[in-house]
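Below is one structure, written out as structure tokens, with a few remarks after it.
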Amino acid sequence: ILAALYAGWLYLDRDTPSCGGRRSHWVRSWRVWTYFRDYFPITLMKTADLDPRYNYLFGFHPHGVLVAGGFGNFCTEASGFSRMFPGLTPYLLMLPFWFRVPFFREYIMGGGLVSSEKASASYLLSRPGGGQAAVIAVGGAPESLDARPGALTLQLLQRKGFVKLALKHGAWLVPVFSFGENELFDQMENPAGSALRRMQDRLQRMMGVALPLFHARGVFQYSFGLLPYRKPIHTCCTCPIAVAQNPCPSKDDIDALHTLYMEALTQLFEDNKKNYGIPEDKHLTFI
């Protein structure tokens, strides 16, 4: 009977993940999140204030294996997002697959996660009065397959849908780079063209979810396990890129704003990399 009742609830509640979710300040403020923050630790940095009269689209890079910095900073209050950006409500976009998992969906919506479907992002960015911040891990699931220590390759060159969305709704763009995100796990070698990579790509096309074969440390030893390494994560938000609303942007409009976004992201990385142990001769690569 309980299973039938919950199945009915899932049907009636099916659109909630695409309509702002069901965030809970209580869930976002759980004491456990301070331990989660301090484990790495996770730090949120900003270079400019954000006017809450506007809606924003945060582009989060890199995806990493588990988007730990994105979750810790935007789905909990442990790093002080609400104090740092008063008047803004953050929503981290996540693959629709996870909102079909019973009970788990209620938990992640409580933290402010919503579906990454286009309709979901449009719902947030079109809200009148401003104050909404949609956070998208732009590289998506495919980028997680290349997440390993030292990796600085971002899947961005052909990813322009978020730019078009920002133009259509007049949402200001905020490039975000999370230093240390790729340092949390090692991965089995899966170069492009290898049998493992072909299988991972095929599974991702079928299921919509990437399956990186990652490993790091254990509870009582440091040589092997599924716990992430204790490496600091510094998530830096740069100055926003003002975007004028254009309901029907042309290809040239999209390309121009996309180029501006990549330049701002590159500048954010170059300005901060020396503070977080990245050598001067290392640079971002866009594919």
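Points worth noting:
For every residue, the table says whether it meets (1) more than 20 Å from the chain's Cα centre (by Cα); (2) of a type outside the set (A, V, I, L, M); (3) under 26 Å from F179 (Cβ atoms).
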| site | (1), (2), (3) |
| --- | --- |
| L5 | yes, no, no |
| G21 | no, yes, no |
| V32 | yes, no, yes |
| Y35 | yes, yes, yes |
| D38 | no, yes, yes |
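- Number of the condition not met by W33 [criteria: (1) open to solvent by less than 50 Å² (accessible area, probe 1.4 Å); (2) in contact with a Phe, Trp or Tyr (Cβ under 8 Å, 6 or more places away or on another chain)]: (2)
- Residues of region 108-135 that turn out to be open to solvent by 10 Å² or more (accessible area, probe 1.4 Å) and of a type in the set (V, I, T), as a count: 0
- Exactly one residue out of A244, A210, A192 is within 28 Å of D51 (Cα to Cα) and not β-branched (V, I, T): that is A244.
- The condition of being hydrophobic (A, V, I, L, M, F, W, C), on the phi < 0 side of the Ramachandran plot, modelled with pLDDT under 95 and in contact with a Phe, Trp or Tyr (Cβ under 7 Å, 6 or more places away or on another chain) holds for only one of V174, V209, that being V209.
- Residue check for I233: out of contact with any Phe, Trp or Tyr (no Cβ under 8 Å at 6 or more places or on another chain), buried (at least 16 other Cβ atoms within 10 Å of the Cβ), closer than 24 Å to A141 by Cβ and at pLDDT 95 or above: no
- Helices (runs of 4 or more DSSP H) fully within region 13-87 counting 3 or more residues that are at pLDDT 95 or above and under 17 Å from V138 (Cα atoms): 68-74
The rows are residues; the columns are (1) open to solvent by less than 30 Å² (accessible area, probe 1.4 Å); (2) of a type in the set (A, V, I, L, M); (3) touching a residue at least 12 places away in the same chain (Cβ under 8 Å); (4) in contact with a Phe, Trp or Tyr (Cβ under 6 Å, 6 or more places away or on another chain).
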residue: Y11; (1), (2), (3), (4): no, no, no, no
residue: S18; (1), (2), (3), (4): yes, no, yes, no
residue: S29; (1), (2), (3), (4): no, no, yes, no
residue: Y54; (1), (2), (3), (4): no, no, yes, yes
residue: H61; (1), (2), (3), (4): yes, no, yes, yes
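- Hey, V138 under 25 Å from F81 (Cα atoms), touching a Pro at 6+ places or on another chain (Cβ under 8 Å), crowded, with 18+ Cβ neighbours inside 10 Å and of a type in the set (V, I, T) or not: no
- All positions within region 174-214 that are of a type in the set (S, T, N, Q) and open to solvent by 20 Å² or more (accessible area, probe 1.4 Å): S194, Q204
- For region 240-287, filtered to residues that are in contact (Cβ under 8 Å) with a residue 40 or more places away in the chain, β-branched (V, I, T) and farther than 17 Å from N182 by Cβ, the residue that is surrounded by the most Cβ atoms within 10 Å (Cβ to Cβ) is V243.
The values are calculated or read from the model by the stated rules, or taken from the named source; none is laboratory data. None of the values given here were measured: they were computed from a predicted structure. Don't worry about glycine lacking a Cβ; one is built from the backbone with ideal geometry, like all the others, and counts go over all protein chains shown. For the accessible areas, the whole protein counts, side chains as well, though only heavy atoms, and no ligand, DNA or RNA atoms are used. Shrake-Rupley method; radii C 1.70, N 1.55, O 1.52, S 1.80 Å.
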